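Next up is a structure, given as structure tokens.
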Amino acid sequence: MQKKTIRRSNLVIRAAFILILIFLFVSVINLQVQMNELRGELDARIEKAQLIQDNIDELELRIAAPIDEEYIERVARDQLGYRKPNEIIFVNDIAK
């Protein structure tokens, strides 16, 4: 009788141990998946922050540039579509 009780308790302990191991294994896999997702999100945010920083640097350069004839001419050409007299502007849309 006592041997059956010991065997039963050993079986219960083994089953509990196996269940705990399975739970830990599944938890580790779940944490790995979450960590990979967070790493991907972090990489995307770092890339976005770099693009924003590049934009800030470009704007700071524009602010620091003096407003001279060349700047006024560039703005007139690029943003307003002006051209010099007797000038022909060629547009290449093939690259787009």
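The values are calculated or read from the model by the stated rules, or taken from the named source; none is laboratory data. Note that the coordinates shown come from a computational prediction; the quantities given were computed from them, not determined experimentally. When we count neighbours, we look across all protein chains shown, and the Cβ atoms used for this are built from the backbone with ideal geometry, even at glycine.
Within the stretch 50-71, how many residues are modelled with pLDDT under 85 and surrounded by 10 or more Cβ atoms within 10 Å (Cβ to Cβ)?
3
Scan the stretch 72-84 and report the pairs whose first residue is surrounded by 10 or more Cβ atoms within 10 Å (Cβ to Cβ) and at pLDDT below 80 and whose second residue is acidic (D, E) and outside any helix (DSSP H, G or I), with Cβ atoms within less than 7 Å and a gap of 6+ or a chain change.
Taking only residues 6 or more apart or on different chains, not a single pair turns up.
Which one of R14, R45 is out of contact with any strand residue (DSSP E or B) (no Cβ under 9 Å at 6 or more places or on another chain), modelled with pLDDT under 95 and of a type in the set (D, E, K, R)?
R14
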